[in-house]
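A short reminder: the numbers here are calculations on the coordinates, not readings from a lab. Note that the structure is predicted; figures quoted are calculated from it, not measured. Please note: Cβ atoms are built from the backbone with ideal geometry, for glycine as well, and neighbour counts cover all protein chains shown.
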Amino acid sequence: MAVPKQRKTKSRRNQRRSHINLKAPLLIKCPKCGKPVKPHTVCWSCGFYKGKEVIDVLAKLTKKEKKQKEKEMAVHKKEKAKDEGALSMEQLSKK
């Protein structure tokens, strides 16, 4: 039976295992609600994919949860409208 002539050091062992590690998942912001979502998947917060509503998120919620979700979506909509209304320095200089 074959036996190694020399012992492998901790350094060599760890270099061999250097590629075995966990990577953080790639997440993008949902264009509709701004929550982090995996690319090419439906947003579970708002149910939209590629600008179309794929899942009716509010249908599965209870009355109390539905009211809270609608309130949250309304606040986010106001914030988004407020951000679009504000002009950046570049836009101000063009006028």
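With θ taken as phi - 60° and the Karplus curve 6.51 cos²θ - 1.76 cosθ + 1.60 applied, the whole-hertz 3J(HN,Hα) list for the range 2-11 is 6, 10, x, 6, 10, 6, 7, 6, 4, 4 Hz, x standing for glycine and proline.
Values of log10 I(q)/I(0) for the chain across q = 0.13, 0.23, 0.24, 0.25 Å⁻¹ run -0.69, -1.20, -1.23, -1.27, by the Debye formula with one identical scatterer at each alpha carbon and no solvent.
Amide hydrogen proximity for Lys35: with H placed 1.01 Å from N in the peptide plane, the residues at 5 or more positions away or on another chain lying under 5 Å are Cys30. Put simply, the amide H of Cys43, placed in the peptide plane, has neighbours under 5 Å in Phe48, leaving out anything fewer than 5 places away on its chain. By the helix-only formula, in which each DSSP H run with n ≥ 4 contributes -39500 (n - 2.57) and the sum is divided by residues, the chain has a 222 nm mean residue ellipticity of -12000 deg cm²/dmol. Bridging of Lys71 to lysines at a Cα separation below 23 Å is possible for Lys29, Lys32, Lys35, Lys52, Lys60, Lys63, Lys80, Lys82, once same-chain residues fewer than 8 apart are set aside.
Using the Cβ-Cβ distance between Lys52 and Lys82 with R0 set to 25 Å, the FRET efficiency works out to roughly 0.50. Peptide packing for 64-71, 39-46 was compared via the average number of neighbouring C-beta atoms within 10 Å per residue; ordered from the highest value, the list is 39-46, 64-71.
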